Amino acid sequence: MKNDDGTVFGPISFEQLRQWSADAQVSPLDKVSTDERTWIKAPMVPELRMDYLVEVSPDQFYGPTSLSAVREFLQMGEIHAETTVTNCRDGSSALVKDIPELQSSPDEEEAQQPVRTSIRMNLQQRIRDLEETLMDERRAREQAEHLVERLEAKLSEITRAASL
């Protein structure tokens, strides 16, 4: 299930899903399911190898995502050789320039496809999603507070009536 619009793809084979992840077509917020009832975020499936967290700025991170996605962000100039990438599986961090799997020859660079979405776009979407979730939770809290006020008033009224 794509996070941005809720589109569900499938059923598909797990191998196809793994390939999509390897091709950087699965975002950290996308969800997967075996029964279309229970959904988990794609990075929680170890076989998808979405193990890398990109430090976009000192207080902004993207991921966890695949090395293919990190490579595409590098090619598109979204990140650079000095960007820190953390392997969430083992906790190690390294600069992009020090990760051998992210280094490619000029021939490979020409053959690779352009990035499908940018980190900035994904971060903006993630911020919008978090803001929407926050607003939903605030509305739910306000409704709960109003309910508590009404119940307290009713309890107070019943208590007064019982004491007369």
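The values are calculated or read from the model by the stated rules, or taken from the named source; none is laboratory data. Quantities reported herein were computed from a predicted structural model and do not represent experimental measurements. Cβ atoms come from the backbone with ideal geometry, glycine included; neighbour counts cover every protein chain shown.
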Please enumerate the residues belonging to region 49-68 that are crowded, with 22+ Cβ neighbours inside 10 Å, under 13 Å from Arg18 (Cβ atoms) and not small (Gly, Ala, Ser). Met50
Selection from region 2-42 of residues closer than 15 Å to Ser68 by Cα, in a loop (DSSP other than H, G, I, E, B) and of a type in the set (A, V, I, L, M) yields Ala24, Val26
Contacts under 7 angstrom Cβ, first residue in region 8-24 being surrounded by 13 or more Cβ atoms within 10 Å (Cβ to Cβ), partner assigned to a loop (DSSP other than H, G, I, E, B), 6 or more apart: Trp20/Val26; Ser21/Arg49; Ser21/Met50; Ser21/Ser66; Ala22/Ser66; Ala24/Ser66; Ala24/Arg116
Please verify whether region 28-38 includes one or more residues that are more than 14 Å from the chain's Cα centre (by Cα), farther than 25 Å from Gln103 by Cα and in contact (Cβ under 8 Å) with a residue 12 or more places away in the chain. yes
Please go through region 25-34 and pick out each residue that is at pLDDT below 90, surrounded by 17 or more Cβ atoms within 10 Å (Cβ to Cβ) and among the aliphatic types (A, V, I, L, M). Val26
Considering every residue within region 52-60, establish whether at least one is of a type in the set (Asp, Glu) and either touching a residue at least 12 places away in the same chain (Cβ under 8 Å) or over 29 Å from Lys97 (Cβ atoms) (or both). yes
Specify which of the listed residues (Arg71, Arg37, Arg89) is surrounded by 16 or more Cβ atoms within 10 Å (Cβ to Cβ), at pLDDT 85 or above and not polar (S, T, N, Q). Arg71
